[in-house]
Amino acid sequence: MSEESPPTVEDGALVARAGAGDHLAFEELVRVYADRLHAVIRRLVDDPHEAEEVTQEAFLRAWRGIAMFNGDSQFFTWLYRIGVNEAYRRTSRRRVPQTSLDERRIEPADTRPGPLRHLEHDDLRHALERAVRRLPPDQRAPLVLRDIEGLRTTEAAAILGLDEAVFKSRLHRARLAVRDAVRDYLPEDPGQ
Amino acid sequence: MPDSLDGTLTPRRRARFAQHVDECPECGPMLRGLIGLRVALRSIPTDAADSNPDGSIVPAVLEYLCAHPSERRPMAGRAPRRRG
């Protein structure tokens, strides 16, 4: 998702109808947003089956609470918050395996020297995905919401229930960790 | 550094930071590296089809809602199903 887009008339009408108890309207919201939310949850939860369960539970909670949705934010932002909270609730039950900085470094798939070291786009993407998955949950969510999903800092911090300063600190640590992990895949610093 | 990346520095602070980055042997490479990283992260597709290799989750969500009746009973009449 790029920068936050304005709510659509269709969304507003569907949300209003769903809030009044119209299950067909809510079903339409599921059709519009379930895959998008699932894509975000998959980046936050390692196990695919658990990501599916989190997505399902998020929509159940949304249905139960949609009558209280006051429209202060976009529907999908509100849905994000429910989904991310559910993902946090589940992942926080488990201990995050600690890895050393060396272990976090993603080994490049191609060790050819010189310009060929900078691999094809898909290799970079896969290295990024792996590096993001190795982040601890408290750093992963800020990076996913801000740098991959493209939410504004204020919005992403609100979704995570974080003070903006705390959010920025976690985001910065996440960016440094991912940059270190995929350093060999990124173009060389022209200033060096 | 984060505010610089987000473009939220005031003009005055931006100018001071730019001067610092030009002179600092640590911050310059760090900033350029993080800018490159941000570009790379933004290139990761966020569309659902690319991120959900198992296909749409919509049927599973609808059936989950049906199988977990709340006081509002959103969607009656479907049997629960798990994908895959």
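All of (1) charged (D, E, K, R); (2) at pLDDT below 90; (3) part of a helix (DSSP H, G or I) hold for B:Arg83 with one exception: (3). Scanning segment A:42-67 for residues that are among the acidic types (Asp, Glu) and over 14 Å from the mean Cα position of the chain (by Cα) yields A:Asp47, A:Glu50, A:Glu52, A:Glu53, A:Glu57. Being at pLDDT 85 or above, of a type in the set (Asp, Glu) and over 15 Å from A:Leu124 (Cβ atoms) is a property that B:Asp47 lacks. Exactly one residue out of A:Leu124, A:Leu162, A:Leu145 is surrounded by fewer than 22 Cβ atoms within 10 Å (Cβ to Cβ) and modelled with pLDDT of 90 or more: that is A:Leu162.
Rundown of residues vs (1) closer than 18 Å to A:Thr153 by Cα; (2) modelled with pLDDT under 85; (3) in contact with a strand residue (DSSP E or B) (Cβ under 9 Å, 6 or more places away or on another chain); (4) aromatic (Phe, Trp, Tyr), yes/no style:
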| residue | (1), (2), (3), (4) |
| --- | --- |
| B:Gly7 | yes, yes, no, no |
| B:Ala18 | no, no, no, no |
| B:Glu23 | no, no, no, no |
| B:Cys27 | no, no, no, no |
| B:Gly33 | no, no, no, no |
| B:Gly36 | no, no, no, no |
| B:Val39 | yes, no, no, no |
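Restricting to segment A:14-33, what's the tally of residues that are within 19 Å of B:His68 (Cβ to Cβ), of a type outside the set (D, E, K, R) and in a loop (DSSP other than H, G, I, E, B)? The number of residues fulfilling the criteria is 1. Among all residues of segment A:53-62, there is none that is modelled with pLDDT under 90 and in contact with a helix residue (DSSP H, G or I) (Cβ under 8 Å, 6 or more places away or on another chain).
Only one entry in A:Pro136, A:Pro187 is surrounded by fewer than 23 Cβ atoms within 10 Å (Cβ to Cβ) and under 23 Å from A:Ser92 (Cβ atoms), namely A:Pro136. For beta carbons closer than 6 Å, sequence separation of 6+ or different chains, a first residue in segment B:1-21 that is in contact (Cβ under 8 Å) with a residue 24 or more places away in the chain and a second that is of a type in the set (Phe, Trp, Tyr), the qualifying pairs are B:Ser4/B:Phe17.
The values are calculated or read from the model by the stated rules, or taken from the named source; none is laboratory data. Since this is a predicted model, take the numbers as computed values, not measurements. Every residue, glycine as well, gets a Cβ built from its backbone with ideal geometry; the counts of neighbours run over all protein chains shown.
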